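Have a look at the structure below, then the notes.
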Amino acid sequence: MTHSLFSLLAESSSMLFFAYDPAAAQFTYINPAFRTFFSLASDMPKLETFMAMVHPDDRNYIIERFEDIATDSVDGIECRFTQNSTNGALRINAYLITEQDKRLIVGHAEDISVYKQYINTILKHNAKKNAILNIVTHDLAGPLGTISNLSEILKKETIANETTKALVHLDMIKKISKSCTKLIRDFLNQEFLASADVPIVKRRVDLAGSIREFTKQYLVIQEELSIDFCYRTDEDIMYMDVDEDKFIQVLNNLLSNSMKFTAAGGRISISLEEREHDVLISVSDTGIGIPEKYHGVLFEKFTPARRNGLRGEETIGLGMSIIKSIVEWHNGRIWFKSIENKGTTFYIELPKK
């Protein structure tokens, strides 16, 4: 009775149900929705028939994940596909069962093409927003700091001439300029702190492409910022299971710190290197460096290493602690090397699995 009910569910469902025999490399069951979705003939398809519709970059990934099912179930396998000249994405949940001494992989898949487009659009806009806010803060910090300094000079001159009304106006200029800088910086800090409270959600993404897209905002206006930006990678495409939004927030925060402590004419670079068992990301700058006495406490909450930037940017001392937590949530590690007045390089190592 139960078997019949599940069969009825699979036959009438819009989800794509299947059973696959790994020994024969052939599907033993596909429901009508699966057959219709991929425009398959009436006979049971071989694995290569299905794999031919999977994006070339995802084929080995799918095979590796299905091999993992030999020891455990696998939920949330995502892959891209081409069907009737249309590109899309699937999410697959699969399980290993034994039936009459035969091992079968059974599961279901759903079309998540629209969902993926929606998420990718949000992530791109979010990364662009954070980068632009970071750039605007850096761009405004200098002029607003100059306004504040000039108002202080004028205030001293006005005191000498005993012009009371002008003193009031100068105090207002100074307060407003400081308030503007603090408002933007507080907003950026709040964005970063809020993102750390959201549970981590890993998915397979092209990390090289994601970082390249993120750094475009800095590269296009590096002359206006008076800082030379550079992004280097040994691979154009590099897939990793990460929480893309949180990881880009990490890079944005590291870049923000570099911008705070790198004078005009300096250089900031991001590099991504694929190694045998992991990937290495580095963020380097030619800034003022971190005093050696703070090296051991930099990643602590409310670290005593916190200090204002070269243009007066304030910090709450939580950023590096949150960065370390996010990296560790990805089973990675972070460290740095820094020499005063020569620069700082942060290294992030992420395991491939």
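In region 32-127, taking the dipole from charged Cβ atoms about the Cα centre, the farthest positive-side position among 100, 87, 77 is held by 87. A cut-off under 12 angstrom between Cβ atoms defines the neighbours of residue 44, and their net charge, with Lys, Arg +1 and Asp, Glu -1, is 0. Relative to its residue count, region 1-107 spans a Cα convex hull of 110 Å³ per residue. What you get for region 1-66, charging only the Cβ of Lys and Arg (+1) and of Asp and Glu (-1), is a dipole of about 80 debye around the Cα centre. Listed by chain and number, the aspartates and glutamates whose C-alpha is less than 18 Å from the C-alpha of residue 156, apart from same-chain residues fewer than 8 away, are 171.
Remark: for residue pairs 116/324; 246/352; 260/342; 129/202; 202/293; 128/342, the C-alpha separation exceeds 26 Å in 116/324; 202/293; 128/342.
Read-outs throughout are calculated quantities, based only on the coordinates presented, and are distinct from any laboratory measurement. Source: prediction; values computed, not measured. All Cβ positions, even for glycine, are placed from backbone atoms using ideal geometry, and neighbour counts span all protein chains on display.
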